[in-house]
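As structure tokens, the structure follows; a few thoughts come after it.
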Amino acid sequence: MRFVVALMFVVALFNSGYGQNITLSSKAVDKETKEPLPFASVGIKGKPIGTITNLQGDFDFHFPENYRNEILVITMLGYQNFEAPVWSVLDARQAEILLEKSTTVLSTLVVSDSLTGGDVLRIALSRIDQNYPSQPFLLDGFYRDLKKIGDTYVSLLEAAIKIYDEDYRAPRNKFKLRERVALREVRRSLGYENKFTSYFDEDNLLEDLLLHNNIRYRQFPEEEVFYSVLKREKDSHYDNQEVFVVTHHQDYDLTVYVSKKNFGILRVEYENNEIHSMNHKRGLNSKFVGLKKVIDYKTYNEKIYLNYISLTSKINWYDDKTDKLKFETQLEQQLLINQVYPEPEERVGVTEKMRSYGLQYQDLRYNKTFWESYNMIKESPLDKKIIADLERSGELERQFEKN
């Protein structure tokens with residue numbers, strides 16, 4: 001089966017404090033069904049810069065003008081990479097680029113070795129120190145969180161951040177943040193003043209999200225029973241690599257994609273819908289009802305770095321006395337890494353490090369010029385609904401002016 005990326009490019013040159021850039025806008029869709037291809041990775045081959053498509057397959061990719069003669073790469077799980085000179089794609093303006101399903105993906109599993117699913121994951125975890133950064137590195141990223149009550153979005157926060165880490169060595173405490181995070185720029189809505197936001201965790205949600213990186217923090221069960229029930233599915237293909245696919249479907253759903261070349265973990269998908277009580281507040285009892293997570297990685301200079309994390313968590317609130325459902329809450333978090341610095345000249349110092357409380361309380365003035373040239377997840381029709389919900393408290397531009 002073939003897929004097409006229908007690319008309708010709008011190219012713009014602009015000057016900013018970071019030099020002259022090119023903006024490449026496009027849409028990725030399924031040729032046969034016309035459905036969008038969400039979360040496809042877009043980048044320049046061999047360069048530590050990139051972005052991803054949104055839920056509608058759209059993206060705006062900003063990169064230096066001197067990359068015009070480099071190779072544009074579009075990567076989708078299970079398919080061969082699309083690669084073409086940047087200049088040729090720019091000159092085409094409108095083009096259809098076919099992404100063919102990898103011939104290494106078979107209709108049935110052909111076992112050419114005796115490795116079980118448990119074997120594959122054990123080897124992958126044992127090789128984290130070799131496959132991931134062993135020296136200090138810095139990441140530029142775009143962070144977003146959305147809070148939702150029922151069908152209405154009540155708050156939005158977007159931030160440009162820096163993440164500094166010494167290496168990928170196993171931490172002594174799997175639930176204590178080792179990275180240092182600093183803010184570059186912040187966009188936020190006054191939706192954070194909505195009375196319902198108090199029913200969400202008011203700690204630093206970005207730091208909480210980073211602690212969900214199961215690979216960085218070695219958050220996999222150690223019990224033998226876990227590895228004994230892991231299943232090896234048919235092999236797949238990702239970023240021009242053949243990959244093992246390992247799954248777990250007891251109590252929760254887990255899928256891990258592991259490179260057959262070096263046993264590097266390239267992607268983790270996790271979903272848990274087990275209901276359990278959490279805490280009490282203002283005569284209400286909260287119950288965790290669902291969590292869905294995707295952790296995606298990319299390779300640069302033969303080391304594997306974080307590409308993006310997506311996390312959606314759902315908590316419902318019930319009357320303490322009657323146990324009647326009062327309202328549903330949902331927190332959506334996304335972190336896109338848009339630039340990697342393997343040997344950074346700068347670090348995130350202790351004084352620059354982000355404060356531990358909520359990002360909404362430590363924002364900067366809104367910098368419109370900065371955001372026009374920064375790689376972030378492109379606005380979608382869903383985002384327009386979110387904006388409409390939030391603008392009930394006033395136009396966003398006017399809200400931002402107050403920051």
Pairs where the first residue, in the range 322-333, is touching a residue at least 40 places away in the same chain (Cβ under 8 Å) and within 10 Å of VAL289 (Cβ to Cβ) and the second is among the aromatic types (Phe, Trp, Tyr) and surrounded by 14 or more Cβ atoms within 10 Å (Cβ to Cβ), C-beta under 8 Å, 6+ apart: GLU328/TRP317; THR329/PHE196; THR329/TYR199; THR329/PHE200; THR329/TRP317
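Okay, residues lined up against (1) surrounded by 14 or more Cβ atoms within 10 Å (Cβ to Cβ); (2) modelled with pLDDT of 95 or more:
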| site | (1), (2) |
| --- | --- |
| PHE244 | yes, yes |
| THR247 | yes, yes |
| ILE265 | yes, yes |
| GLU269 | yes, yes |
| ASN273 | no, no |
| SER277 | no, no |
| LYS287 | yes, no |
| VAL294 | yes, yes |
Residues of the range 350-403 that turn out to be at pLDDT 75 or above, of a type in the set (Asp, Glu) and in a loop (DSSP other than H, G, I, E, B), as a count: 1
Hey, ARG188 modelled with pLDDT of 90 or more, surrounded by 17 or more Cβ atoms within 10 Å (Cβ to Cβ) and among the basic types (Lys, Arg) or not: no
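The values are calculated or read from the model by the stated rules, or taken from the named source; none is laboratory data. Every value quoted in this text rests on a predicted model; they were computed, and no experiment measured them. Heads up, the Cβs are rebuilt from the backbone with ideal geometry, glycines too, and the neighbour counts pull from every protein chain shown.
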